Amino acid sequence: MKSLDRNLPAYTLGSSRIERQRLRSQADDLRPRSEDLFRRIGVQRGWNALDLGCGPCGNLGLLAGLTGPAGHVLGLDVNPDHVRLAGEFAAEQGLANVTVKAADARATGLPGCSFDLVYARLLLINIPWPEDVVSEMTRLARPGGWVAGEEADAVFVCHPPHEAWDRLAGVLRQAWRLEQADLNMGRRMTELDRAVRAHIEDPRTVMAPMLYFTAWGRKPG
């Protein structure tokens, strides 16, 4: 696999048991959005699909069902723990058309023009040099294939204001800044602080942690 001079840092939020559970819960919460995206693209049975930065489960199950036994889904992640867990998830779910491997999303080492769909969700937020990933995604899509991504844009709005919320927002911004990642996207943060959790449960509180963007395009034939 091609290596880059710029080392890819570890996933910012780590791979603790709690974080793994959060990622799986997040995948369930976001599934309807992904279903709509894949419907718009027209993912078909027999397609060769790539879930880039799949984490411990990603959209492997959804894509496996859409592409069917004649298709194939490859999940890639740079985190060895996530690769192992995604492989276990595929085995538990009986996803015979899914393979999971470790790779740098910026330089996967895979042959170009190999996939009908190259897809990533909430990957660009977590890494520096996201343009390298987009370039690699485009390289991997076959002529006429699709490149698609789902990302969130952080706004960190909480009304009425609350000191704990502001503290959490500051901590997250600093953490992503240290990783040289661009945190213009939000994550579910409320479980990190009891005061925040109590505040946003107040019916008078209006909270908007992120805007969620979906983009897709077809590679020229």
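Here is how the numbers come out for the structure above:
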quantity: Pair list, Cβ < 8 Å and 6+ apart or interchain, from segment 79-93 residues that are farther than 14 Å from Gly53 by Cβ and assigned to a helix (DSSP H, G or I) to residues that are at pLDDT below 95 and not aromatic (Phe, Trp, Tyr); calculated: Phe89/Pro56; Phe89/Cys57
quantity: Answer residue from segment 52-104, given it is charged (D, E, K, R) and surrounded by fewer than 17 Cβ atoms within 10 Å (Cβ to Cβ) and is farthest from Arg24 (Cα to Cα) among those; calculated: Lys101
quantity: Of the criteria (1) surrounded by 22 or more Cβ atoms within 10 Å (Cβ to Cβ); (2) in contact with a helix residue (DSSP H, G or I) (Cβ under 9 Å, 6 or more places away or on another chain); (3) among the aliphatic types (A, V, I, L, M), which one Met137 fails; calculated: (2)
quantity: Pair list, Cβ under 9 Å, 6 or more apart: segment 149-170 residue at positive phi, other residue among the charged types (D, E, K, R) and not in a strand (DSSP E or B); calculated: Phe156/Asp166; Phe156/Arg173
quantity: Which listed residue is in contact with a helix residue (DSSP H, G or I) (Cβ under 7 Å, 6 or more places away or on another chain) and among the aliphatic types (A, V, I, L, M), from Ala27, Ala96, Ala105, Ala70; calculated: Ala105
quantity: Single condition Glu150 does not satisfy, out of (1) modelled with pLDDT of 85 or more; (2) within 17 Å of the chain's Cα centre (by Cα); (3) in a helix (DSSP H, G or I); (4) of a type in the set (D, E, K, R); calculated: (3)
quantity: Segment 16-51, subset polar (S, T, N, Q) and outside any helix (DSSP H, G or I), residue surrounded by the most Cβ atoms within 10 Å (Cβ to Cβ); calculated: Asn48
quantity: Out of Val73, Val100, Val78, sole residue that is modelled with pLDDT under 95 and under 17 Å from Ala120 (Cβ atoms); calculated: Val78
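The values are calculated or read from the model by the stated rules, or taken from the named source; none is laboratory data. This structure is a prediction, so every number in the text was calculated from the model and none was measured. Positions of Cβ are backbone-derived with ideal geometry, glycine not excepted, and every protein chain shown enters the neighbour counts.
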